[in-house]
Amino acid sequence: MMSAKRFWTTWFIALLLVVAVVGWGLSQWNLNNYTAAVADRLQLLNELRRGALQQYFATAEAELTFWSTSSDIVAAQAQMNALWEQAAPDAMSSAVRTDYITGNPYPAGEFRELVQSGQTDYDLWHADLHPMAARFVTHRGYYDFFLINPEGYVIYSVEKEDDFATSLLAGPYSDSGLARSFREALVTPDQSVLSDMEAYAPSQGEPAIFIARALRDDTGEVIGVIAFQLPTTKILQIMKYDSGMGETGETYLVGSDNLMRSDSRFSDVSTVLTQEVDTETVGLALAGEEGVQFTRDYRDAEVLSSYSSVNIGGFVWAVMAEIDRAEITQGAARERPALAGALLFFYGLSLWTLWYWQGRPDANPAADISQLDLQGADFGDDGSNLIG
């Protein structure tokens, strides 16, 4: 017969193994559930960022369309076209650059403060348009506002940077995003045209995006192009919002050249157009796919990556929302004490139940009669026990 010590040792180990297996299973179940919850949150954040970007560009397009149909802007463009045609284009360009750039009394970066340089026809036209355009740019958060004649000359700019009064067809910035947007707007006059984000030399090499649209007169003839320069600050604000992202979560954008279009959360300097991201999920996003999976990110850290893409004006950006796998594991681990307490209670209850059933007296009614003490019992003639 098994000794009590051996019995309890066997059951102690057996129950411990059962609890260990159940604990491991519950731990994996908890980790999987926690990971699924994080994945859902990442996908939601990805969708929110994508929606905010689409809304931002849709608003810019709506405002550009409004200005392109403004009778005041169309009339001003026609007037300036006539003025530019009356003079030699190069001479006109040199004159207005001297007045509003090299001869501007305000320091560089504040050239927009000059409303009227002199009393020429251009100065009077500029004084009429500039206050309205400058207020619009300031209040709506754009960087610059351009009017360009059909020959490619930038006849008006709020900021008066080095692109002002140059030719976008033959000048120093003929290969810029502004120039490409201008040329495309001329050949697709009923559409707004967007450029991809790229460094723009006149703006100190800072990243810029341009949106342009053709201007038509009353007869439907294209008489020029209106364009806005969109700053990257709004895009950075949309993407850097990290509420609900934990310690390592981030959202960012990547262009078709595999360069970031927003800043990395983990860098103290801007990573726009400098940080290359050539990961598996970025490739899937740029190919038009969307989903969520574990992968290595641009830091070579293992992350849970939610990926999709946004198509704005014909160019595609990957929209990424990621968080380190280590943080997911740590988050799931914070729930382990509750699981451990439940398992400890189950283990203790199992041992108590075993002790209870093992230690209770034998309840078998067919007990051995020889166990009864019959001595001294007095029975009557009929066999009944008599109690004196």
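Once the Cβ-Cβ distance of Asp90 and Ala199 is raised to the sixth power relative to R0 = 35 Å, the FRET efficiency obtained is 0.80. Ranking Phe136, Phe66, Phe182 from most to least accessible surface, computed with a 1.4 Å probe over the protein chains only, gives Phe66, Phe136, Phe182. Taking the Cα centre of segment 172-229 as origin and assigning +1 to Lys and Arg Cβ atoms and -1 to Asp and Glu Cβ atoms, the resulting dipole is close to 40 debye.
The P(r) of segment 152-264 has a tail past 17 Å containing 61 percent of all C-alpha pairs.
About its Cα centre, segment 156-268 has a charge dipole of approximately 160 debye under the convention of +1 per Lys or Arg Cβ and -1 per Asp or Glu Cβ, with nothing else charged. Highest mean packing first, where packing is the average number of other Cβ atoms within 10 Å per residue, the peptides 99-106, 299-306, 201-208, 154-161 line up as 154-161, 299-306, 201-208, 99-106.
The values are calculated or read from the model by the stated rules, or taken from the named source; none is laboratory data. Note that the structure is predicted; figures quoted are calculated from it, not measured. Glycine also receives a Cβ, built like all others from the backbone with ideal geometry; neighbour counts cover every protein chain displayed. For the accessible areas, the whole protein counts, side chains as well, though only heavy atoms, and no ligand, DNA or RNA atoms are used. Shrake-Rupley method; radii C 1.70, N 1.55, O 1.52, S 1.80 Å.
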